[in-house]
Amino acid sequence: MADQPHTTPPEISQYQLGESVGYLISRAKSTISNLVTQRTTAELGITSQQASILFMVATGKCLLAAELAREYGIDASAVTRLVDRLEKRGLLTRVRSSEDRRVVRLALTPEGQSIAGRMPAIFKGVIDGALAGFTPEEVGFLKSMLRRVLANSGCDPSGITRDSATNSGGESQ
């Protein structure tokens, strides 16, 4: 069988990936996540996802494994594995509800609380680097546009307005 030249269909070859909003959002998210992971691994010894989970529990936004699964768009078994690792490291515990024994809440240990407390500075440092050269107005516009994307996609953007990173003036980055 002779090698045939590879021809790319026009619907693929004419699509400019670098101009795709979805691709750019995905790359930006991936890059920021990798930068946060580099910092959390070096400074805290955990991944950005693990650190983010600790932060979400600390803020009270996600106190149940099911809430974490919804927030991160991952299945319950993946959340269970993440929580197991964090519990094994002594960073969080599972606490059975006294009102409903079927409900298991997540609670941070003192060490987990300490790590969660360090996350805003890490988030802010990474985002400040990624948004270097942006004016405050441009940052506000970007956030507004991203909230609209989320709303248009069926996500409640009001559930996300509690930004992870805030500057000393309390204004979200």
For Ser97 paired with Leu64, estimate the spin-label separation in nm (one decimal), with each label point 7 Å from Cα along the Cα-to-Cβ line. 0.6 nm
Assign unit charges at the C-beta atoms only (+1 for Lys and Arg, -1 for Asp and Glu), then state the dipole size of the chain relative to its Cα centre in Debye, rounded to the nearest 20. 700 debye
At a Förster distance of 30 Å, what's the computed FRET efficiency of Leu146 paired with Arg85, Cβ-Cβ distance as r, to 0.05? 0.50
Tell me the Kirkwood hydrodynamic radius of the chain in angstroms, computed as one over the mean inverse distance between distinct C-alpha pairs. 18.6 Å
Karplus couplings for the stretch 107-113 from phi (6.51 cos²θ - 1.76 cosθ + 1.60, θ = phi - 60°), rounded to Hz, Gly and Pro as x? 9, 7, 7, x, 5, x, 5
Relative packing of peptides 108-117, 138-147 - highest average C-beta neighbours within 10 Å first: 108-117, 138-147
For the stretch 58-136, just run the numbers: alpha carbon Rg, then divide by 2.2 N^0.38 Å, N being how many residues it has. 1.34
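Read-outs throughout are calculated quantities, based only on the coordinates presented, and are distinct from any laboratory measurement. Predicted model only: the values in this text are computed from it and were never measured. Cβ sites come from the backbone with ideal geometry, for glycine too, and all protein chains shown count toward neighbours.
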